[in-house]
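The structure under discussion appears below in the form of structure tokens.
The values are calculated or read from the model by the stated rules, or taken from the named source; none is laboratory data. Only a predicted model underlies this, so the values are computations on that prediction, with no experimental measurement involved. Heads up, the Cβs are rebuilt from the backbone with ideal geometry, glycines too, and the neighbour counts pull from every protein chain shown.
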Amino acid sequence: MKNFDHYGYKRKQGRWKRWFLGLIALGVIGSLAILLGTFRTSSVASNVEQPLSEAEMVALIPKGRELALAGDCFGCHSRPNGEMGAGGVAIATPFGTVYSTNITPDKTYGIGSYTRADFHRALKDGIGKGKGNLYPAMPFVFTHVTTPADLDALYAYMMSIPAMAVPNAKNSGVFELPVRPFMNFWALLNFPDRKVVEDPERSAAWNRGAYLVEGLAHCGACHSPRNVMMGVEFSKSLQGGFVDNMAIPDITAAALANHGYTLADLTQYLATGVSKEGTSFAGMNTVTHFSTSQMQAQDVKAIATYLLTDRKGKLLSADVLPMPINEVSKLMDKGELAQGRNLYMAACAACHGEDGYGIPHVAPALKGNAIVEMSNPETLIAVVLNGLETTTYSHAERMYAMPGFKDRLNAQEIADLLTWLRAEWGGESVAVSPKSIAVINP
Ligand code: HEC
Ligand code: HEC
Ligand code: HEC
């Protein structure tokens, strides 16, 4: 048996082996090619190698300032109470912490030595001067769509702000290691060459809004789901995400209309951080505080117009709330929601009002509040457990802090309260279970 088979088997094994080694070699060569960036092509136009003249730079500053506000560059590149643009904000990922860098025109620590072309490469290709691949914590997958003319304006403005000699913080975790070349693999799978093309069928406001939301304003960085590699799932753009243990609302037109927003309310929410549908908090407060509340009114309205327009081009507006049905109405019949209502009156009504309309300058309305209306209750649970810090809004609006109820109400009580709250004012018919609270507050 053995003899009979000997050669044939050997030869066959040899063939398999060669085939297998060939495959590995191909894999290695392919990986090396990716690692070396063979498949990364620059989308930066060659004419940007030419520097801009002093006069051109000066003329572009005001336009650049507006774009920097839309891009929330300082929201991410300034520590609270730190120097503007000097970086140092920690961005935690499951793989370690990345710090935003100094983007003031300081020659040693900042981007003072960036040429016009270097700057275009950073925002369009995600390539940092002398660094190679930037980490996607810098939202270059979004800023990529920015036009060369607008990148010039941004560059001119960034070069005009005060230079700050603040050294950069050291990244931690895997980001301490020389892993930048490996981001080429990431880019191959997660950095599509998106473009925002002008749609002549739509209004100027819609087109401007599309360009900002899909680009510099990077709303999808939080509001779109991400895959296991933390890449943005553009096929589900703005349909809701998950950041910092918090469900981020769906902000597609239908969802916003369903949450009660009209064009005027949404514009107001973005421009001030406060509207009858709720206030901006957590990550969204950075956005309204540093970015949308500082932008020109027409750009904010353009963003709201784009968001509230559905795919067919129809501008949607506040829908009537759906009636709570099935599960909750059964509970209601059994009188099981009374406990939730009583708890609300005792714990929340003093600030949010007995009728849920809130109290001006004290606390926002909960009736029709978008957080109460989210079908996923995780954000609502997190707010009630942990509370919210006092937030300052634009135009000197200020509210109280929202206390956390972690130590005051148990899981069953919070579940009862929120089931009632969601049914009564949120049109949500699915009961909140004490188990889902224990998951967030083990
Ligand atoms: C969501 C947070 C965030 C926003 C918003 C953001 N950045 Fe960044 N940016 C980062 C992080 C983090 C890094 C560092 C990435 C790295 O080390 O690879 C970075 C790096 C950079 C760099 C490379 C600097 C260097 O060290 O070489 C430039 C240039 C830059 N950002 C400019 C901007 C501009 C201009 C805007 C506004 C249009 C902006 N960023 C908005 C987080 C952000
Ligand atoms: C001491 C006053 C106070 C009490 C009591 C209070 N809240 Fe709040 N609540 C606030 C304030 C102020 C905010 C806005 C905070 C911010 O945006 O930074 C807020 C925000 C919220 C939000 C987020 C909605 C939004 O648009 O900002 C929810 C949900 C909420 N409260 C629910 C409750 C519930 C449920 C209770 C009772 C268990 C409760 N609150 C008790 C003051 C209070
Ligand atoms: C850093 C993460 C982050 C970014 C970037 C971000 N958001 Fe948000 N957004 C949130 C969070 C968290 C909430 C939920 C808390 C709240 O309602 O304030 C939210 C809520 C909202 C809401 C309220 C929706 C509802 O139904 O309650 C709107 C509207 C919104 N965001 C619009 C935008 C727009 C427009 C942009 C881009 C200009 C943007 N967001 C960028 C984190 C973000």
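With the requirement that a residue be touching a helix residue (DSSP H, G or I) at 6+ places or on another chain (Cβ under 6 Å), under 27 Å from residue 92 (Cβ atoms) and in contact (Cβ under 8 Å) with a residue 40 or more places away in the chain, what does segment 250-290 give you?
251, 273, 278, 280, 283, 286, 290
Working only within segment 80-113, note down all residues that are in contact (Cβ under 8 Å) with a residue 40 or more places away in the chain and of a type in the set (Ser, Thr, Tyr).
Across segment 80-113, the qualifying residues are 93, 97, 99, 101, 104, 108, 109.
Looking only at segment 276-297, count every residue that is more than 13 Å from residue 388 (Cβ to Cβ) and either at pLDDT 85 or above or crowded, with 21+ Cβ neighbours inside 10 Å (or both) and tell me the total.
Of the residues in segment 276-297, 13 are more than 13 Å from residue 388 (Cβ to Cβ) and either at pLDDT 85 or above or crowded, with 21+ Cβ neighbours inside 10 Å (or both).
Does any residue of segment 44-61 turn out to be under 23 Å from residue 143 (Cα atoms), at pLDDT 80 or above, charged (D, E, K, R) and away from ligand 3 (no atom under 16 Å from the Cβ)? Please lay out each step first, then the result.
As a first pass, look at segment 44-61 and keep what is under 23 Å from residue 143 (Cα atoms): 44-52, 56-61.
In the following step, the residues that additionally are at pLDDT 80 or above were identified as 44-52, 56-61.
Now drop any that are not charged (D, E, K, R), which leaves 49, 56.
Still in the running and away from ligand 3 (no atom under 16 Å from the Cβ): 49, 56.
Yes, there is a match, as at least one residue in segment 44-61 is under 23 Å from residue 143 (Cα atoms), at pLDDT 80 or above, charged (D, E, K, R) and away from ligand 3 (no atom under 16 Å from the Cβ).
Test of understanding: among 368, 404, which residue is more than 9 Å from ligand 2 (Cβ to nearest atom), outside any helix (DSSP H, G or I) and closer than 19 Å to residue 249 by Cα?
368
Show the residue pairs meeting these rules: Cβ distance below 8 Å; 6+ apart or different chains; first residue within segment 190-217 and without any contact (Cβ under 8 Å) to a residue 24 or more places away in the chain; second residue within 16 Å of ligand 2 (Cβ to nearest atom) and among the charged types (D, E, K, R).
Every condition considered, no pair remains.
Which members of segment 66-112 meet the condition of being more than 10 Å from ligand 1 (Cβ to nearest atom) and aromatic (Phe, Trp, Tyr)?
Across segment 66-112, the qualifying residue is only 95.
Among all residue pairs at least 6 apart or on different chains, which show Cβ distances below 9 Å where the first residue, located in segment 68-79, is in the same structural domain as residue 122 (by TED's automatic domain parsing) and the second is charged (D, E, K, R) and surrounded by fewer than 23 Cβ atoms within 10 Å (Cβ to Cβ)?
Cβ pairs passing all conditions: 69/299; 70/299.
Within segment 224-231, identify whether any single residue is outside any loop (DSSP other than H, G, I, E, B), out of contact with any Cys (no Cβ under 9 Å at 6 or more places or on another chain), among the aliphatic types (A, V, I, L, M) and outside the structural domain of residue 313 (by TED's automatic domain parsing), and answer yes or no.
No, segment 224-231 has no match at all.
Criterion first (free of Cβ contacts under 8 Å to residues at least 40 places away in the same chain and assigned by TED's automatic domain parsing to the domain that holds residue 154) does residue 51 satisfy it?
Values: free of Cβ contacts under 8 Å to residues at least 40 places away in the same chain: no; assigned by TED's automatic domain parsing to the domain that holds residue 154: yes.
Criteria not met by residue 51.
Only one of (1) out of contact with any Pro (no Cβ under 7 Å at 6 or more places or on another chain); (2) crowded, with 19+ Cβ neighbours inside 10 Å is not met by residue 104, so which one is it?
Of the numbered conditions (1) out of contact with any Pro (no Cβ under 7 Å at 6 or more places or on another chain); (2) crowded, with 19+ Cβ neighbours inside 10 Å, the odd one out for residue 104 is (1).
State yes or no: is residue 150 surrounded by 21 or more Cβ atoms within 10 Å (Cβ to Cβ) and more than 28 Å from residue 228 (Cα to Cα)?
Judged against the criteria, residue 150 is a match.
Assuming residue 121 fulfils every condition listed in (1) under 27 Å from the mean Cα position of the chain (by Cα); (2) among the charged types (D, E, K, R); (3) surrounded by fewer than 19 Cβ atoms within 10 Å (Cβ to Cβ) apart from one, which condition is it?
(3)
What number of residues within segment 20-52 are assigned to a helix (DSSP H, G or I) and surrounded by 13 or more Cβ atoms within 10 Å (Cβ to Cβ)?
4
Name the one entry in 202, 180, 208 that is within 14 Å of ligand 1 (Cβ to nearest atom), of a type in the set (Lys, Arg) and surrounded by 14 or more Cβ atoms within 10 Å (Cβ to Cβ).
Answer to the check: 180.
With segment 252-299 as the region, which helices (runs of 4 or more DSSP H) entirely inside it contain at least 3 residues that are over 16 Å from residue 72 (Cβ atoms), of a type in the set (Gly, Ala, Ser) and not assigned by TED's automatic domain parsing to the domain that holds residue 68?
Filter on segment 252-299 gives 253-258.
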